[in-house]
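The structure under discussion appears below in the form of structure tokens.
The values are calculated or read from the model by the stated rules, or taken from the named source; none is laboratory data. This is a predicted model, so every value here is computed, not measured. Here the Cβ is made from the backbone with ideal geometry for all residues, glycine too, and neighbour counts use every protein chain on show.
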Number of protein chains: 2
Amino acid sequence: MSTVVAGKGLEGIVAANSGICWIDGEAGVLAYRGIDIHELAENSTFEESTYLLWNGRLPSASELKEFSAQLAEARELNPKIIDLLKSLPTTGTPMEVLRTAVSALSFYDADEKDNTHDANVRKAFRLTAQIAMIVAVYDRVRKGLEIVPADKSLSHAANFLWMLNGVKPSETAARTLDVALILHADHELNASTFAARVIAATLSDIHSAITGAIGALKGPLHGGANEAVMRLLHAIDKAGADPVKYVQEMLAGKQKISGFGHRVYKTEDPRATHLRRMSEQLGKDSGNPKWFDMSRAIELYINSEKKLNANVDFYSASTYTTLGIDIDLFTPIFAVSRISGWAAHVIEQLDDNRLIRPRAEYVGPAYPTHWVPVAER
Amino acid sequence: MSTVVAGKGLEGIVAANSGICWIDGEAGVLAYRGIDIHELAENSTFEESTYLLWNGRLPSASELKEFSAQLAEARELNPKIIDLLKSLPTTGTPMEVLRTAVSALSFYDADEKDNTHDANVRKAFRLTAQIAMIVAVYDRVRKGLEIVPADKSLSHAANFLWMLNGVKPSETAARTLDVALILHADHELNASTFAARVIAATLSDIHSAITGAIGALKGPLHGGANEAVMRLLHAIDKAGADPVKYVQEMLAGKQKISGFGHRVYKTEDPRATHLRRMSEQLGKDSGNPKWFDMSRAIELYINSEKKLNANVDFYSASTYTTLGIDIDLFTPIFAVSRISGWAAHVIEQLDDNRLIRPRAEYVGPAYPTHWVPVAER
């Protein structure tokens, strides 16, 4: 059999055809179904962008209305899932909770045994609505607060903040999260999406694929990076240190600064542009520009010193913190958004499926090595 | 960036260096750490083969004793996991149960936040012991039977049958399952193992990787194939049909016969050889050779008609059925075995890690397509 030896981590290997996401890493372009992320961040909503990702084009007014209604209608969490959330020890992380609860969702999904395109779209609505609910409900449960019932009249982003905080979010807060959800909704064959496609390609169910994707997103090289950024900002704040000096010392000690550089982008990550803008605006509006100012100082230093650009994770840290969101919810919120892209990729994979099964280059003991009785070892 | 376009499903792409498993698909060779699967099936045990997969060489007598003791000692299922198993609706499949319960295991693992090599080896012992327990305990729970406590004096295979059936297995039954577990323990970068490595490569935890792998194994193109074989045998039996005629009609109707052919093997799957032998022997010993005879007739027909060879799934169906195991436990038992290889691969991945992040060939709407206001669509 002829084989091609891929670069480590499959770098530079085209593993699938996909009509969902276009990335030009050299030019710093990200587009969903051909539409630039900048246009979407400025004009679209999470609901509309999700329609776009799932259907390949923007919806008409009536299509968008129906789509949004269907997503809102899916804001129903089985009481057994709430029992499960209450039963899990609070020593675990919200990502472990989300992984376990999404796996359990399959038991209560009427379409579980139906792996057709249409059934998976119905399941995608429920997963999208309910992943957000699980994150919000679990945060209330672990804090001993009352669970806030979903408000089906709100947008996806506003309802999430409502269920999380128990107060109706300001227009700015809701729009900030809405844009953050648009920006994180898809990113081609990133590790979690690729994991979802590998799982789906065995013709397993979408809950298996999404559960696996959540597990991948949990990793600090993927979804965990903005949590690391915020922990750094807190450490600098606590030490009362100058951010640039603090980071200089970290670099001198060969420590990695999270939130910079990207496997794919050689320029600025186009998503960072919007998160920087929102972080700055929120800082001004809230009268607490500390996190933005600190971030900006670090960014300028790393830009000049290491020639590395901020990525999507860098300014989402200060943005979410200024929205009052706990650090360990940053990665779950990434999942609240990325389910949109995961679902699009799983459905695309199944529409023209082949098992994803690469080979390994064997580097172990020579064949044949022989089994010998234990007395002779 | 220069890219290489892979065959669909990454066929022929070498995605990693690995010292665990050697497959020569042309020659029909499978070897763990250089030792031929035939030698292992004839001489080794699941414990010894797992030591081999994890450590790269056969254990000494004292190493094997200590390893087996550590695996037996890990037969402790947190009562909260048993509560979870009891709480899940019996309308779900055992694979959904296993996926959910393994995800929940992380909450009770003392090493959860430690992703070092040594911690992952400790977690691998617990996962290997407890996946078997979860499968057995859940089967008792769903049938309303009392849970059978683990017997730490038994081998891994014998303890599984003991906890499943509540009677001590015969030597033949225990050895048959032991060999089946050896045969299924690893298979290089199969889809579930590859999913586990993609997830682990984000530096996520081993529970995430194994949960994702279980999700992949659940798919009918992967672990589900022997269930399909057994459903076919039952259908033929129920119809009182001649197996060859039945299969002829299926082929005429363009239906796929599960359990034949393999992406990698061009000859007979070397694992099938042992499962055929055990299926035949068990049929004779139990005085019920029906499933073996039916399988053999189908195999000979498909061999001659389609030039396809039986794979690992074909004779595991009749073997497990003759052992008295329910059809929907076949794939969970695959996981009971494959955790051994999954763990070896996750640990190998983390020992020399790089994020696994391929690219896609974009085939969607041209960039730039522009966002237009909804009124203009």
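From the list A:242, A:186, A:237, A:205, exactly one residue is among the charged types (D, E, K, R) and touching a Gly at 6+ places or on another chain (Cβ under 7 Å). Which is it?
A:186
As an exercise: evaluate residue B:40 against (1) in a helix (DSSP H, G or I); (2) more than 7 Å from chain A (Cβ to nearest Cβ); (3) within 20 Å of residue B:342 (Cβ to Cβ) and give the number of the one condition it does not meet.
In the conditions (1) in a helix (DSSP H, G or I); (2) more than 7 Å from chain A (Cβ to nearest Cβ); (3) within 20 Å of residue B:342 (Cβ to Cβ), residue B:40 misses (2) alone.
Quick check on my filter: what residues within the stretch A:1-27 are crowded, with 19+ Cβ neighbours inside 10 Å and either farther than 24 Å from residue B:199 by Cα or more than 7 Å from chain B (Cβ to nearest Cβ) (or both)?
Within the stretch A:1-27, A:21, A:23 meet the criteria.
Tell me the residue from A:35, A:23 that is assigned by TED's automatic domain parsing to the domain that holds residue A:72 and β-branched (Val, Ile, Thr), please.
A:35
Any residue that is within 14 Å of chain B (Cβ to nearest Cβ) and outside any loop (DSSP other than H, G, I, E, B) - is there at least one of those in the stretch A:176-185?
Scanning the stretch A:176-185, I find at least one residue that is within 14 Å of chain B (Cβ to nearest Cβ) and outside any loop (DSSP other than H, G, I, E, B), so the answer is yes.
Just checking, does the stretch A:77-94 include any residue being closer than 19 Å to residue A:207 by Cα and β-branched (Val, Ile, Thr)?
Checking the stretch A:77-94: at least one residue is closer than 19 Å to residue A:207 by Cα and β-branched (Val, Ile, Thr).
Answer yes or no as to whether residue B:229 is in a helix (DSSP H, G or I), more than 17 Å from residue B:311 (Cβ to Cβ) and β-branched (Val, Ile, Thr).
Here the answer is no, as residue B:229 does not meet what is asked.
Any chance the stretch B:201-212 includes a residue that's within 14 Å of chain A (Cβ to nearest Cβ), touching a Lys or Arg at 6+ places or on another chain (Cβ under 7 Å), part of a helix (DSSP H, G or I) and closer than 18 Å to residue B:336 by Cβ?
Looking for residues that are within 14 Å of chain A (Cβ to nearest Cβ), touching a Lys or Arg at 6+ places or on another chain (Cβ under 7 Å), part of a helix (DSSP H, G or I) and closer than 18 Å to residue B:336 by Cβ, one finds at least one in the stretch B:201-212, hence yes.
From the set of residues in the stretch B:176-210 that are within 20 Å of residue B:40 (Cβ to Cβ) and charged (D, E, K, R), which is surrounded by the fewest Cβ atoms within 10 Å (Cβ to Cβ)?
B:188
Which condition breaks for residue A:218 when tested against (1) over 27 Å from residue B:92 (Cα atoms); (2) within 13 Å of chain B (Cβ to nearest Cβ); (3) crowded, with 24+ Cβ neighbours inside 10 Å?
The number of the failed condition is (1).
When you scan the stretch A:81-118, how many residues do you find that are exposed (fewer than 15 other Cβ atoms within 10 Å of the Cβ) and of a type outside the set (Ser, Thr, Tyr)?
The qualifying residues number 8.
Give just the number: which of (1) surrounded by 24 or more Cβ atoms within 10 Å (Cβ to Cβ); (2) hydroxyl-bearing (Ser, Thr, Tyr); (3) under 20 Å from residue A:317 (Cβ atoms) does residue A:172 not satisfy?
Failing condition for residue A:172: (1).
Filter the stretch B:226-251 for residues that are of a type in the set (S, T, N, Q) and over 25 Å from residue B:329 (Cβ atoms) and give the result.
Of everything in the stretch B:226-251, just one residue is of a type in the set (S, T, N, Q) and over 25 Å from residue B:329 (Cβ atoms), namely B:248.
Only one of these conditions is not met by residue B:75: (1) modelled with pLDDT under 95; (2) of a type in the set (Lys, Arg); (3) assigned by TED's automatic domain parsing to the domain that holds residue B:143. Which number is it?
Checking residue B:75 against (1) modelled with pLDDT under 95; (2) of a type in the set (Lys, Arg); (3) assigned by TED's automatic domain parsing to the domain that holds residue B:143, the one that fails is (1).
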